[in-house]
Every structure is written in structure tokens, then in C-alpha cells.
1. At Asp26 and Asn158, where each label point lies 7 Å from the Cα along Cα→Cβ, what is the point-to-point distance in nanometres?
2. Kindly provide the trypsin sites (Lys or Arg not before Pro) of segment 22-83 that DSSP labels as loop, not H, G, I, E or B, and whose Cβ sees at most 16 other Cβ atoms within 10 Å.
3. Taking 0.36 nm per residue of separation and subtracting the Cα-Cα distance, what length does fully extending Gln125 through His51 add?
4. What nm value, rounded to one decimal, do you get for the distance between Asp62 and Glu181 when each label is placed 7 Å out toward the C-beta?
5. For labels at Met43 and Gln5 in the simple 7 Å Cα→Cβ model, what's the distance in nm?
Amino acid sequence: MLTEQEIEIIEGCRKGDTACQKRLYDQYGPLIKGTCLRYTGDMTEAEDLFHDIFVHILTHFDQYDHITNLGGWLNRLTINKVIDYMRHKSPNEAIPMSQFEQVQAVSHDHHYDGIPMEVLLGFIQQLPPKMRTVFNLAVIDEKEQNEIVEMLQESCGNVRTTLSRARAMLRTKIQKYWKNEEDNVKKYE
């Protein structure tokens, strides 16, 4: 159910009211920009994409159906636009095998507790673009595999393999992080 504030923003944006557009920007801009950054991995690129998406949002409020909440509609639209951008940026991007050389067979123990969120997000940003996109869709945005396949126009096997490799690379980075932390503690004992 839409709140009164959301209805005011929607109706105002449909009429071109700059005060409502600013409220939309202030309230949802950081979420949209954050999504752009998660997928692109580059602040300059994310800001450019964010501005393009925000203009698209403002010019397409007539497509908002009032059925979904405003935040959900904006998130879905943002993800779709980012995926389109990534697809056109590198339509046949192959991930070089050198990216996988550091991926080793690792245990399935997940030790995320105690790692600062900025560090985890930094690890995600370091993934190759295709891996980062699949990982974001599957883990962060909680999309089902069939949705990801459809969005990226990839086979189920490619999506599954890419996600598995992304997780393996992240596990390796997390293990190195913990090893470095343990080594630093030992230095000061």
C-alpha cells in the first residue's frame, strides 16, 4: 500500500513538479546510485548511469501502476536499466581465464562475521563485471536463477557457473583477509 507521501511524490512527478522530483531524488537517489555502483564497480560510471536512469524514471512515471510500492518499482526499473547498460557495454564479454587462476578449491565454511561491510563490498566490486552482475542479481537482489537467465539472456549453465566462480573468488578474498588479520594480530602479541 502506498503511503500518502509516496502518492504526493508520484502525482507531483507526473505533473513535472520540481519540488516532488527533488523529494524523489533525496529519498530514493542514494538507493538507485548504490545499485548502479554495485553493478558497475566504478563511481564515475555509476554516477553517469544514475543520472541517465533518474531522467528515465522522471520521464516514465506514466508507466507506474500503483500496484507495487514505489521503492520496488524504482528498484526493478533501475536493475533492468543497469543490466541493459552492462549488456550493451560488453555484449559478448568473455571472462579471461587469468581471472580464475587465483580461485582455488576452498572449504564451504563462510566466515563473514567481523569483516566490515565496506571490505565485503570492496571484494564484490573487484569481481569481473559479468561475475559481479550475476552475484549482485542472485545474492544481493535475491533474484531466482530463471529470472537471471531471462534478464541476462544467458543459459542456466552459464549463470550457475558464473555465480559459482564469483562465490569461489569471494571466498578466496575472504580467506586472505582473515589470514592477513590473523598475521597482524600475531605481530602485536
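1. 4.4 nm
2. Qualifying residues, ordered by number: none.
3. Numbers: separation 74, 0.36 × 74 = 26.64 nm, distance 2.03 nm.
Contour length minus the Cα-Cα distance gives 24.6 nm.
4. Reported label-point gap for Asp62 and Glu181 is 5.3 nm.
5. With each label placed 7 Å out from Cα toward Cβ, I get 2.8 nm.
Each reported figure results from applying straightforward, stated rules to the coordinates on display, with no laboratory input. Every value quoted in this text rests on a predicted model; they were computed, and no experiment measured them. So basically every Cβ, Gly included, is an ideal-geometry build from the backbone, and we count neighbours across all protein chains shown.
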